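Inspection log for the structure reproduced underneath, given as structure tokens.
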Amino acid sequence: MSHTILTGSRRAFLSGAGAMFATSAVAKTAKGGGQPEKLDVIVVGAGLAGLNAAHVLESQGLKVAVVEANDRVGGRLRTGHAEGYTAELGGSEVGPLYGRVRNACTQFNVGLTEDGGKSTPFVLNIEGQMVLPKDWASSNANHTMGAEREILPFLIQNRLFFDWVPFEDPADWLEAKYHEHDMSAAAYMRARGVSEAAIRLADIDLNGPSVHSVSAMSIFRDLARLKVEGFNDPTKPQYGAGNTSKRHYIVGGSDMLPKAMAAALKGRVMLKSPVSAIDQTADEVEVRLMGGERMRARFVVMAAPFSAVRYINFTPGLPTAQANAVQGAIYSATTQFHFRVLKPFWEADGLPPSIWSDRFFERAFVMDKGGAHGSLIVWMNGDGATRLDAMDLPTQRAFIMAELAAARPSTAGALEPLFEYSWEKNPFVGGNKHCFAAGQVKMFAKEMALPHGRVHFAGEHLRRMEPGMESAMETAEIAALEILERA
Ligand SMILES: Cc1cc2nc3c(=O)[nH]c(=O)nc-3n(C[C@H](O)[C@H](O)[C@H](O)COP(=O)(O)OP(=O)(O)OC[C@H]3O[C@@H](n4cnc5c(N)ncnc54)[C@H](O)[C@@H]3O)c2cc1C
């Protein structure tokens, strides 16, 4: 069997713009009867979590290898490039309190900028009507009730849940006294007299599968953390220009950071190497790759999302709470379509450029980058994206363009497709972020991150305090420290 070892050439290989890995970098593993190489730690997954765990462990002298299922490092940090346009298809905003991400940028010589592009004002497109935000309260497309009528559809979730957050300190969300809030966001709203029309609109904006499945605790945890970073005006959106807290973006694209981190590792980063099984004894762990290769180490950091861990066989099996957390994990699907704007369609109809809609495309942000007239990004979350994932992406794209034109005829002929990406269709990621379904915080949130013998867990899905990229870094640090205490 032929193996490619990425050692000396790895740095140049990884830092090449848009580098794609043609060969799996599996080294010194054995198939069948050969003697597998002994490592201190095998890290599964080359997202931020896996790469950060590998760095912390290497910095303490441990021998580490990273195995990655896909043909690239970075996981949910993924940047597309077209002439004059850099498209972030995954994580991009570096929050003001992302100490670990910011440190890593300094350590690995990756730049940060405040310039992430500017978004533009929205027009609402509800029940086939174009409604200016100032006219929403009196619009006949607005079926919400009483004081709700004043709240713009994309602010309903923020506005309502912000006032209901039951804990001040985001670290408190695991405490048993808050378990009574661990019910679906829809049930939570209903119990507080929110109209069905408002619940339906809140569902469109949710970054989770659906308000009917996601626990209110998932929303509270996010909002409590946002409050700490200074988001204290729920009359503004969390995203885009509405969020005034200082955010940064990675120069050259978000995936520059994981590429730099991978290039700086001493050990191997093995691409196209999906792990299929983890067998452990009291002394060591054997990791089996889908190709049949086996590797051994004293410990494993499992930094794959639970949506992918569910396809890995563990012997002995995971404890019940953790197995339930893996099998029951729900992820928010996200699909994005990026278009270059060929002509300023908003000048033709005199409406604000961006659109927030109850049609399939949900959100269409016009940004000031990507050409003379900027770009348009369609961003679908949750069940809305899942509904379309049965179609292949080109079919989805054609459908979305038709939907945009039906909502707003001036977009016809005004958009040139650039990129599209569905996170749910990536079987090794499965979605944008982990959410708890109703009842799951109570059922297993405390146990899901515990080590299973010699296997330690890391990744965004195990977040305690921090969100997004920072949570990947934080949980990796915890897993690495747990191992260092035992090594
Ligand atoms: C559209 C989108 C927008 C986002 N926006 C932001 C934002 O603005 N700010 C922010 O902070 N965060 C944002 N995030 C979230 C952020 O990107 C993630 O939280 C973070 O990158 C997750 O890192 P991770 O290492 O935990 O997981 P991942 O990045 O998913 O890495 C896991 C890795 O494990 C690999 N893997 C899976 N199964 C196996 C297997 N069997 N064998 C080997 N390898 C395997 C996967 O291929 C993957 O590379 C966004 C995410 C998305 C998708």
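Here are the numbers for the structure shown:
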quantity	calculated
Options Arg225, Arg192; residue that is surrounded by fewer than 17 Cβ atoms within 10 Å (Cβ to Cβ) and either touching a residue at least 24 places away in the same chain (Cβ under 8 Å) or within 13 Å of the ligand (Cβ to nearest atom) (or both)	Arg192
Any hit, region 339-359, residues being within 15 Å of the ligand (Cβ to nearest atom) and within 22 Å of Gly384 (Cα to Cα)	no
Residue that is closer than 24 Å to Trp423 by Cβ and not hydrophobic (A, V, I, L, M, F, W, C), where the choices are Asp233, Asp205	Asp205
Where Asp115 falls short, out of the listed (1) within 15 Å of the ligand (Cβ to nearest atom); (2) out of contact with any Ser or Thr (no Cβ under 8 Å at 6 or more places or on another chain); (3) in the same structural domain as Thr475 (by TED's automatic domain parsing)	(3)
In region 58-102, the residues that are surrounded by 23 or more Cβ atoms within 10 Å (Cβ to Cβ) and more than 14 Å from the ligand (Cβ to nearest atom)	Val64
Count - residues of region 285-300 that are surrounded by fewer than 16 Cβ atoms within 10 Å (Cβ to Cβ) and within 10 Å of the ligand (Cβ to nearest atom)	1
Total residues in region 451-484, condition within 8 Å of the ligand (Cβ to nearest atom) and of a type in the set (Gly, Ala, Ser)	6
Residues located in region 256-284, provided they are within 10 Å of the ligand (Cβ to nearest atom) and either surrounded by fewer than 21 Cβ atoms within 10 Å (Cβ to Cβ) or under 14 Å from Leu48 (Cα atoms) (or both)	Leu257, Pro258, Lys272, Pro274, Ser276, Ala277
Subset of region 301-331 [in a strand (DSSP E or B) and either within 11 Å of the ligand (Cβ to nearest atom) or under 28 Å from Ser210 (Cβ atoms) (or both)]	Val301, Met302, Asn313, Ile330, Tyr331
Subset of region 114-152 (residues that are surrounded by fewer than 16 Cβ atoms within 10 Å (Cβ to Cβ) and of a type outside the set (Gly, Ala, Ser))	Glu114, Asp115, Lys118, Pro121, Glu127, Gln129, Leu132, Lys134, Asp135, Asn140, Met145, Glu150
Pairs with Cβ under 8 Å, 6+ apart, first in region 292-309 and aromatic (Phe, Trp, Tyr), second within 9 Å of the ligand (Cβ to nearest atom) and assigned to a strand (DSSP E or B)	Phe306/His434
Single residue of region 392-424 satisfying the filter (acidic (Asp, Glu), more than 16 Å from the ligand (Cβ to nearest atom) and not in a loop (DSSP other than H, G, I, E, B)) that is nearest to Pro209 (Cα to Cα)	Glu403
Count - residues of region 301-339 that are under 28 Å from Leu62 (Cα atoms) and either among the hydrophobic types (A, V, I, L, M, F, W, C) or buried (at least 18 other Cβ atoms within 10 Å of the Cβ) (or both)	12
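The values are calculated or read from the model by the stated rules, or taken from the named source; none is laboratory data. Note that the structure is predicted; figures quoted are calculated from it, not measured. Heads up, the Cβs are rebuilt from the backbone with ideal geometry, glycines too, and the neighbour counts pull from every protein chain shown.
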